[in-house]
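The values are calculated or read from the model by the stated rules, or taken from the named source; none is laboratory data. Predicted model, so just to flag it, every value in this text is computed and none were measured. We place every Cβ from the backbone using ideal geometry, glycine too, and count neighbours over all the protein chains shown.
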Amino acid sequence: MLDAAKPYADIEYPVLKATDFMEYYRSGSRTAYETPYFTRRNALSALVLAYCLEPGADRLDQIINGIWCICEESTWAVPAHNFIYEPEAINGERTLPDAELPVVDIFTGETGMLLSMTYYLLKRELDRIEPLVARRLQREVRRRVIEPFLTRYDYWWMGCSDRRDINNWGPWCVMNCVISTLFCETEDDRRKRAVVRAMDMMDYYLKGISQDGGCDEGATYWGRACGMLLEGVNLIYEATGGAVTAYGEKKLVNFADYIRKMYIGGDYVVNFADGSAKCNPAAEIIYTAGCRMKNPRLRDFGAYCYEEQLKKGIFPTLSLSRAMASIQKHKEMRHMAGEAIFELEDYIDSLEIMAARQYGDVGRGLFLCAKGGSNGDSHNHNDVGNFVCYGDGSPILIDVGVETYNKESFGPGRYQIWTMQSQFHNLPTIGGVMQREGAEYRAKNVEHVSDAAHSALSCDIQGAYPGLEEGVYYRRCVELNREEGLVVLTEKLDAPEMTDIEFHYMTPCRMTVECDRIRFLSNTGDVIMKFNTNRFDIQTESITLTDKKLIDSWGSCIYRLTLKCTAEKEEFVFRISKA
């Protein structure tokens, strides 16, 4: 924590310019405004934690500067979330925030949480220097976060309308509003009202979650969906002395365990949808939930993640609430740290996702995760039938993930972005047709079969491809054979006439083409994919990555393998194993 604060010791808090805010509307770039915006908050969070460990006058001055800068901002929302709830938009879109209309988005909530916990931790120290600092902080949190949360009903994430696609915004906004109220509000009646409102809103959110706990936003967003929900459940449990608890709810137990099921090893998680392949699960939240739910595997997974993250120098300094929770549970988690144990297979029926491991421990043998599902998910990619494969914890066949968001990420041009398209997933292009977005484009006749030695997921995926010739049938089966250490991919085409097929595979590994196989040069040992190479026109291409988010996951380059052929009625079999 002290190291995290060092870069900010002499920080000149960056200016947030009006034209940087407007840049989102001009070019679609989010980074022009968001980079200095988050630098301010990251600095304040790190400095507050460091001051709690080693108080110092210079550090406190920088904290005051950070508080004052943030309080002076016209809005705590970012440009992409500059929603206007009154009919005053100019030309259909407002390019600057209206300081008189507080907008509570996910980052307004995060800012409220940061300032409220700063108020709770350092009010006495701030008052010794200048009482106006804490007074101003409290006034701004009340005006921008607490008052809207207690009085408004028209924010879509509240669940007060007929809208069902609440997604991670619901728990993320609600729970930070509750944290802000409990740590910054002094009136007990308002604190109680905030807790009651939060419970109602989260009940509504949970109604939209399947009983098996499937999170269609993926493992990365789980931390801000279920993770925030669990953070709030724990806070309310503590605030009420355990009188109010939801830890026994089976749906919540399954929702909490989703992240363990999607964990691969090291930094890697299954990243279907808008997820990054590398993720540091919220260890302290997982651990506390596992303890309260009396779920030893979830508890041990949380402790394992915490220990692994500490080894890499990772601590949640960017979230003051999670940092404080980690400090509180630090000794417990380190005492409990050991090996995490996983089931050989998990199947999430609501998402039609199968995760299968060759062995029950981390980073050994083959890992396979495959999906059926639809192209109507939250943060959707066109990826019905996609799968990923890892060997000894290293990626072989991957889901590329998502680039840094821009204006088109959630706009009409979303599916022009290459990472959203089926041809840049481990999927075929059939008759020159890619998959299309929409819940109606989905897998059919999904079949999941498993025993001690095998796990397999099969589905018809032609329904995800609009405009195919009538009568085209395409079935995909992906199977893990544990005894043989083998992933078998079977593609069955039945078309009324000769059809062009392109099989696409995405990988971070360099490849060599050999007589009957493709060799993937992996960090943990080569992996081979055997098939009838004479049947295909084999093409490999390198894709240079320039986006930081993708580079953080895969480095500066990934590769696409494309196998082209023409077929009418044929079954193609690919066998993947360690060399």
Exercise for the section: Please determine, by comparing only the residues of the stretch 397-429 that are surrounded by 18 or more Cβ atoms within 10 Å (Cβ to Cβ), among the small types (Gly, Ala, Ser) and over 16 Å from Phe503 (Cα atoms), which one is farthest from the chain's Cα centre (by Cα). Expected result: Ser409
Completion exercise
If you go through Val15, Val48, Val103, Val78, the only one that is closer than 26 Å to Met117 by Cβ, touching an Asp or Glu at 6+ places or on another chain (Cβ under 7 Å) and of a type outside the set (Ser, Thr, Tyr) is Val78
Fill in the blank from the handout: Note: among Gly218, Gly213, Gly227, Gly248, just one is in contact with a Gly (Cβ under 7 Å, 6 or more places away or on another chain) and either closer than 19 Å to Glu284 by Cβ or outside the structural domain of Val362 (by the TED database) (or both), namely Gly218
Completion exercise
Exactly one of Ile518, Ile538, Ile576, Ile551 is within 26 Å of the chain's Cα centre (by Cα), of a type in the set (A, V, I, L, M) and either under 24 Å from Ser422 (Cβ atoms) or part of a helix (DSSP H, G or I) (or both), and that residue is Ile551
Practice task
Examine the stretch 63-76 for a residue that is hydrophobic (A, V, I, L, M, F, W, C), outside any helix (DSSP H, G or I) and in the same structural domain as Gln138 (by the TED database), and state whether such a residue exists.
Solution key: yes
Handout entry: Which numbered condition Val527 misses (of (1) out of contact with any Cys (no Cβ under 8 Å at 6 or more places or on another chain); (2) touching a residue at least 60 places away in the same chain (Cβ under 8 Å))
Key = (1)
Handout entry: Only one of Arg510, Arg535 that is surrounded by fewer than 17 Cβ atoms within 10 Å (Cβ to Cβ), basic (Lys, Arg) and farther than 23 Å from Ile430 by Cβ
Key = Arg510
Exercise for the section: Look at the stretch 153-198 and say how many of its residues are assigned to a helix (DSSP H, G or I) and at pLDDT 95 or above. Expected result: 27
Problem - Every pair of residues 6+ apart whose Cβ atoms lie under 7 Å, when the first sits in the stretch 137-161 and is touching a residue at least 24 places away in the same chain (Cβ under 8 Å) and of a type in the set (Lys, Arg) while the second is assigned to a helix (DSSP H, G or I) and surrounded by 14 or more Cβ atoms within 10 Å (Cβ to Cβ) - result: Arg144/Thr108; Arg144/Gly112
Handout entry: Answer from Gly365, Gly275, Gly338 - the residue that is at pLDDT below 95 and surrounded by fewer than 19 Cβ atoms within 10 Å (Cβ to Cβ)
Key = Gly338
Problem - Every pair of residues 6+ apart whose Cβ atoms lie under 6 Å, when the first sits in the stretch 351-371 and is outside the structural domain of Gly385 (by the TED database) while the second is assigned to a loop (DSSP other than H, G, I, E, B) and not acidic (Asp, Glu) - result: none
Handout entry: Candidate set: the stretch 278-306, residues that are free of Cβ contacts under 8 Å to residues at least 40 places away in the same chain and of a type in the set (D, E, K, R); chosen: the one surrounded by the most Cβ atoms within 10 Å (Cβ to Cβ)
Key = Arg299
Fill in the blank from the handout: Residue pairs within 9 Å by beta carbon, gap of at least six or interchain, first lying in the stretch 446-474 and not assigned by the TED database to the domain that holds Glu571, second modelled with pLDDT of 95 or more and of a type in the set (Phe, Trp, Tyr), listed first then second, are none
Handout entry: Test for Glu447: is it modelled with pLDDT of 95 or more, under 12 Å from Val478 (Cα atoms) and surrounded by fewer than 16 Cβ atoms within 10 Å (Cβ to Cβ)
Key = yes
Handout entry: Members of the stretch 402-437 that are assigned to a loop (DSSP other than H, G, I, E, B) and touching a His at 6+ places or on another chain (Cβ under 9 Å)
Key = Val402, Gln421, His425, Asn426, Leu427, Gln435, Glu437
Problem - Residue that is surrounded by the fewest Cβ atoms within 10 Å (Cβ to Cβ) [pool: residues in the stretch 199-222 that are of a type in the set (Gly, Ala, Ser), part of a loop (DSSP other than H, G, I, E, B) and in contact (Cβ under 8 Å) with a residue 60 or more places away in the chain] - result: Ser210
Exercise for the section: For the stretch 6-18, indicate whether the set of residues that are modelled with pLDDT of 95 or more, in contact with a helix residue (DSSP H, G or I) (Cβ under 6 Å, 6 or more places away or on another chain) and closer than 20 Å to Met324 by Cα is non-empty. Expected result: yes
